[in-house]
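The structure appears below as structure tokens.
The values are calculated or read from the model by the stated rules, or taken from the named source; none is laboratory data. Please read all numbers here as calculations on a predicted model, not as lab measurements. Backbone-built Cβ (ideal geometry, glycine too); neighbour counts: all protein chains shown. Ligands, DNA and RNA are excluded from the accessible area calculation, which covers all protein heavy atoms including side chains. Shrake-Rupley method; radii C 1.70, N 1.55, O 1.52, S 1.80 Å.
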Amino acid sequence: MYRYSEDVLADLERKPQSIEDYQSATPRWCPGCGDNSILTSVQRLCRDEQIPLEKAMFVSGIGCSSRFPHYMKTYGFHSLHGRALPIAQGIKIRRPDLHVFVNMGDGDCCSIGTAHWIHAIRYNMNMMAIVHDNEIYGLTKKQASPTSPQGLKTNTTPSGAYLRPLSILSTTLGVINASFVANAVEWIPDLLYNIIKQAYHHKGFSFIRVLQRCPHYLPKLFDPMITDPNKVLLLSHENGLQVDDVLKRIYKNQEIHDPSDLHRAREIASMEDMVPVGILYRNEEIPTYDELRQNNQFYSAEMRESALEKEFDKFAIETVE
Ligand SMILES: Cc1ncc(C[n+]2csc(CCOP(=O)(O)OP(=O)(O)O)c2C)c(N)n1
Ligand code: SF4
């Protein structure tokens, strides 16, 4: 008798899922925290794409933003500070059928997790990573992070941060195999959603840095960008972000940026007077690690089988006459 796969049988039972179906516990973030906006965009994406609950996996590190998996009614892994990416990679290797999402804070990704960040870009595995960049350590109560502005008074830099901040975008664009790099701000939810949606459809590692308000510790930090639309640079392109007329009327600084232009992407990433919003770089020609492993060019299927046989032979019981 024909055996139907579990996926086919599950699909027969499936009803259309609403946003509420993806919502789990009530978020415990502070009122006005930008993490709420990011969560809403991701839940909207799951609803619009009808991602089956049992096929989505949210992995995070430790931090306020890393509470994300608790708020999704999918699989989730609230892991260790800085370790979200390697855990997500392990999951993806073992379960390529899952849609893997990674949520990290700027401390999580760019301080303790820096090595994993760099190598995750290089591995280019099929998953989406969002950095909630509030430019501070939120959970541990206002310590300077690598993205804190120079001069910012924090509990670890009471007389002001000494160093210039690390540019998340420039660093990511500088790593070999970067294949999707975007920048968003959570206070323009339509564009945030659009970027997340394009990242979801990208083949490879899609990396989104989102500027995220922390009204509890840095209530006014992003005010200049929020109150003055001229501080935002909209990046639109037929192969990038499509921006509607209403937003175009508000945000007058616009650039038609072809996301295949890496050189221009790097220039945009290093701007200091405006915050770019859109897709800086996209390249689907770069093979993913998953593809490279599948088409393993160094060992043929026969070679792998014979190596396995040799290993099994070590455990064979020989009968003595
Ligand atoms: C190995 C380890 N080191 C340090 C900590 C303490 N710690 C927890 S969260 C955090 C920083 C959180 O900041 P960020 O990653 O920017 O996320 P946010 O809270 O701002 O969302 C630190 C230092 C820890 N939990 N584990
Ligand atoms: S401390 Fe900041 S980042 Fe953490 S929940 Fe509150 S507003 Fe959000």
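Things worth noting here:
- Residues that are away from ligand 1 (no atom under 11 Å from the Cβ), in a loop (DSSP other than H, G, I, E, B) and not aliphatic (A, V, I, L, M), drawn from region 111-142: 124, 126
- Here residue 68 clears all of (1) within 13 Å of ligand 1 (Cβ to nearest atom); (2) open to solvent by 30 Å² or more (accessible area, probe 1.4 Å); (3) among the aromatic types (Phe, Trp, Tyr) except the condition numbered (2).
- Members of region 84-104 found to be within 13 Å of ligand 1 (Cβ to nearest atom) and either within 21 Å of residue 52 (Cα to Cα) or open to solvent by 10 Å² or more (accessible area, probe 1.4 Å) (or both), listed by number: 102, 103
- Any hit, region 287-308, residues being under 18 Å from residue 207 (Cα atoms) and free of Cβ contacts under 8 Å to residues at least 24 places away in the same chain: no
- Among the numbered conditions (1) crowded, with 23+ Cβ neighbours inside 10 Å; (2) touching a His at 6+ places or on another chain (Cβ under 7 Å), the only one that residue 112 does not meet is (1).
- Residue that is nearest to ligand 2 (Cβ to nearest atom) [pool: residues in region 37-64 that are among the hydroxyl-bearing types (Ser, Thr, Tyr) and open to solvent by less than 10 Å² (accessible area, probe 1.4 Å)]: 60
- Among the residues of region 143-198, just one is surrounded by fewer than 18 Cβ atoms within 10 Å (Cβ to Cβ) and assigned to a strand (DSSP E or B), namely 143.
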